[in-house]
1. Taking interchain pairs and intrachain pairs at least six residues apart, which have beta carbon atoms under 9 angstrom, with the first residue in region 88-103 and open to solvent by 30 Å² or more (accessible area, probe 1.4 Å) and the second of a type in the set (Lys, Arg)?
2. Residues to consider are Ser193, Ser175; find the one that is of a type in the set (Gly, Ala, Ser) and over 18 Å from Leu95 (Cα atoms).
3. Out of region 173-200, which residues are under 28 Å from Glu69 (Cα atoms) and open to solvent by 60 Å² or more (accessible area, probe 1.4 Å)?
4. Just need a number here: residues in region 127-170 that are open to solvent by less than 20 Å² (accessible area, probe 1.4 Å) and at positive phi.
5. Go over the candidates Lys38, Lys82 one by one and state the one that is within 19 Å of the chain's Cα centre (by Cα) and of a type in the set (Lys, Arg).
6. What is the one condition in (1) crowded, with 18+ Cβ neighbours inside 10 Å; (2) at pLDDT below 95; (3) among the acidic types (Asp, Glu) that Glu25 does not satisfy?
Amino acid sequence: KNNAVSDMMEPGSTFKTASIMVALEDGYITPDQLVDTKNGVYMMHGRPMKDHNWHRGGYGVIDVTRILEVSSNIGVSFLIDKYYKDNPQRFVDGLKRMSIDQPLNLQIPGEGTPDIKGPEDRKKVGRYFAKTSLPWMSIGYETQVPPLNILTFYNAIANDGCMVKPLFTEGYQRSGVMVDTTEVEVINPKIYSDKALNYMRGILEG
């Protein structure tokens, strides 16, 4: 078993980048947009959303860049809930446009398949999509993605938006002679626009 490939797990804060990318691409936010994260505790549809420093008074008013720098749960969930609560499927579709829900089809057995639910899952037995699902999804919960898929997504941001299948070998040799080379396989040639990608690279550098 290779944990990086097979483990189906909630990605947590590593997923916040994907959430902010969707809102950047849709033009709802900019890196300098301000959000009041209060004192580190914010009621979200009847449930308390907390930042990790809530017991120290929270972060108060910070911009989108700072929200990711300090990994503010409130900042990310507030923005996604504000702009997508009336149409959560648009947010889910935005994630899928980045191919973050696609299996990698690796040559490694036991690969897990990303599980990103949407409002249509209300119709499925044993599945649900409550009002709290959207804000909690935005910070990496109620979603399951193998670690290597998250790494592949981040690589695409660095790779000018081109998402490629992870490559483990340059080729194959027999008796010291290269007999076959491994070709790069493109999963998605452009996960998002250059504008959104440039915004996000600047935020991640911060």
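1. Gln102/Lys96
2. Ser175
3. Passing the criteria: Pro189, Lys190, Asp194, Lys195, Asn198, Tyr199.
4. Total meeting the criteria: 2.
5. Working: Lys38 fails: within 19 Å of the chain's Cα centre (by Cα).
Sole residue among the options that is within 19 Å of the chain's Cα centre (by Cα) and of a type in the set (Lys, Arg): Lys82.
6. (2) is the only condition that Glu25 fails.
The values are calculated or read from the model by the stated rules, or taken from the named source; none is laboratory data. Computed from a prediction, not measured in an experiment: that's the story for all the values here. Quick reminder, even Gly has a Cβ in these numbers, built from the backbone with ideal geometry, and neighbours come from all protein chains shown. Accessible surface is based on the protein model in full, side chains and every heavy atom, while ligands, DNA and RNA are left aside. Shrake-Rupley method; radii C 1.70, N 1.55, O 1.52, S 1.80 Å.
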